Amino acid sequence: MTVRPRATLESYRQAADLSGGELWLRYFALGGMGTAFQLEAFLHGALTPTPHDHDVIAHALNERFVELGGNHPVPYDDDEPHAQSEATGHRRRPRLPPESTLG
Amino acid sequence: MIAARSGGHQDGIGGGDSEAVASLASDSGVVDGALRLVVALARAAVGGADGVSVSLRRHGHLTTVAASDRTIKEMDASQYATGQGPCVDASLEGQRFYSEALDVEQRWPSFTPRARALGINAILSSPLLASERPVGALNIYSRSPSAFGPDDQQLASVFASEASVIVADAGVDVSDDQHALGIRDALRTRQIIAQAQGVLMEREGIAEDIAYRRLRLFSQETGRPLRDRAVEVVASTAPSAILAAGDDGWRV
């Protein structure tokens, strides 16, 4: 499991320029099971999401970063460096540091 | 995780759901309108749901502000009249109350016979909170005993939480109508992703979480939304299913 510093997801939310409610809608749409209050606790590190929930939040944020012209800066729980894709057989895109998120 | 349910039971306990939902408003406020939409969405999404309502405490008394049909509104009223039932307790104590089988329910002796007389066998009430204080409940009724599993209970809490946000923050950032539309779109996306997971699970013999991961990895690698991939997966199997999933179809 990836070791994540507290409040990392919240810093990504702020960088993505999404309100808590906007992120919850995206998270819910992608299959997230937490309430808006639980999501807020996940973002601030007060609660630890399941690996799946963490990845749903990460993907909701990453789709937003793509909309803004960026990449997928938020790491996933199951990320392995240089892992080969099981979906397409291609190598994943290299991840950019957060400061490069918005291109 | 769970996949979103493709739909609750098709027939409301009292019938005529859509029109009834529109006609049961206690007032014409946009907050009530948004809550009525939450009721309709919860009934469609929570497996086993035959009827749904939202109760709010107004002027010191519980009142039903949205209900999927008239029988459900009467069920709420029976709880208010007897001072018993999961809705009353959830609204007072701020905790979820679930009666799995009313035929053996002991907690509400005055209310339970009224519910059973109308064919109701299970009730799940999730509290609505504003500023961490209980202000009402989202109530889900079923004809079937043991109708709501853990995933249904969690999904009910999600809808109750969203109703709480509507109540607590009405009109702060966006109009309730816009907020309700956002929920509707989110639910549609959730449903198409669940359908795509099902297709992959069936086609490739993989588990639900692996199917989700496949969809997510494709999105991650191509930069395309996960939803778009889900639409493609579903369309590859049964194009007609796309239009069947929503009243105006899925946007690709």
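The values are calculated or read from the model by the stated rules, or taken from the named source; none is laboratory data. All values reported here derive from a predicted model rather than from experimental measurement. Note: ideal-geometry Cβ built from the backbone for every residue, glycine included; neighbour counts use all protein chains shown.
Say whether the condition of being at pLDDT below 90, surrounded by fewer than 21 Cβ atoms within 10 Å (Cβ to Cβ) and within 11 Å of chain B (Cβ to nearest Cβ) is met by at least one residue in the range A:5-14. Break it down stepwise before answering.
As a first pass, look at the range A:5-14 and keep what is at pLDDT below 90: A:5-8.
Now restrict to residues that are surrounded by fewer than 21 Cβ atoms within 10 Å (Cβ to Cβ): A:5-8.
Narrowing further to those that are within 11 Å of chain B (Cβ to nearest Cβ): none.
No.
Scanning the range B:128-166 for residues that are part of a strand (DSSP E or B), more than 11 Å from chain A (Cβ to nearest Cβ) and touching a helix residue (DSSP H, G or I) at 6+ places or on another chain (Cβ under 9 Å) yields B:Leu128, B:Ala130, B:Pro134, B:Val135, B:Gly136, B:Ala137, B:Leu138, B:Asn139, B:Ile140, B:Tyr141. Taking the criterion of being among the charged types (D, E, K, R) and in contact with a strand residue (DSSP E or B) (Cβ under 9 Å, 6 or more places away or on another chain), the residues of the range B:75-120 that qualify are B:Asp76, B:Asp89, B:Glu93, B:Arg96, B:Glu100, B:Glu105, B:Arg107.
Criterion applied to A:Ala29, A:Ala87 was being at pLDDT below 90 and within 10 Å of chain B (Cβ to nearest Cβ), and the one residue passing it is A:Ala87.
Please verify whether the range A:58-80 includes one or more residues that are over 16 Å from B:Arg216 (Cβ atoms), modelled with pLDDT of 90 or more and not in a loop (DSSP other than H, G, I, E, B). Yes, some residue in the range A:58-80 is over 16 Å from B:Arg216 (Cβ atoms), modelled with pLDDT of 90 or more and not in a loop (DSSP other than H, G, I, E, B). Selection of the range B:65-102 for residues being within 20 Å of B:Arg116 (Cβ to Cβ) and assigned to a strand (DSSP E or B) yields B:Ala67, B:Phe97, B:Tyr98, B:Ser99.
Of the helices (runs of 4 or more DSSP H) lying entirely inside the range B:168-252, the ones with 2 or more residues being within 8 Å of chain A (Cβ to nearest Cβ) and modelled with pLDDT of 60 or more are found at B:176-204, B:208-222, B:226-237.
Please verify whether the range A:19-26 includes one or more residues that are modelled with pLDDT under 90, in a loop (DSSP other than H, G, I, E, B) and not hydroxyl-bearing (Ser, Thr, Tyr). Taking every residue of the range A:19-26 in turn, none turns out to be modelled with pLDDT under 90, in a loop (DSSP other than H, G, I, E, B) and not hydroxyl-bearing (Ser, Thr, Tyr).
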